[in-house]
1. In whole angstrom, and with the biggest value first, how far do the Cα coordinates of the range 1-69 range along each principal axis?
2. Quick one: order Val48, Val85 by neighbouring beta-carbon count within 10 Å, fewest to most.
3. 5 Å is the cut-off here: which amide hydrogens, built 1.01 Å from N in the peptide plane, fall below it relative to Gly83, excluding neighbours closer than 5 in sequence?
4. Quick one: which of 107-114, 32-39, 87-94 comes out on top by average Cβ neighbours within 10 Å, and what's the full order, highest first?
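Read the figures in this text as sums done on the coordinates, not as results from a lab. Model, not experiment: these values are computed from the prediction. For neighbour counting, all protein chains shown are included, and Cβ atoms are generated from backbone atoms with ideal geometry for every residue, glycine included.
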Amino acid sequence: MLKTPPLQTATATIDTLCGRLQSATLLEDRRGAILGLRSFAKQYPASVASGSLRELITTLRRDGLGEKGSSEPGKPRQSEEGGDVDTIRLVLETLLMLFNPDSSSPEASDEIAFFMADEFSMVCSLLLYCILD
């Protein structure tokens, strides 16, 4: 007799997606993880931010500064400067949702917004330092 599988909690799913984003080597795998995280970002901003904020920003750098390529069918769209436009858009949308969570969310608070701003500014400062050197 088959048993129904246990329901996975939102926090466990977010942890799984964060792990996938961190370990993904293919662009499509990173994009899939970001899509999943984006779907949880409004309701669970603290969980998504604590597990993936640094990796989201790293993805902006890694996939946003890609090399210029052709726009063949089946290949990711790239901007004129290079980088994957679709992934950049997904990351920025996710970050926007983290900074502006649903007011009815159990995780929404001013403290989370301050945490986000602090982490974001610290990581972005480090990225700018690395890029400019």
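1. 54, 29, 16
2. Numbers: Val48 29, Val85 14.
Placing the least packed residue first, the sequence is Val85, Val48.
3. The list, which skips near neighbours in sequence, is Gly66, Glu67.
4. Numbers: 107-114: 13.4, 32-39: 20.6, 87-94: 19.1.
By packing density, highest mean first, the sequence is 32-39, 87-94, 107-114.
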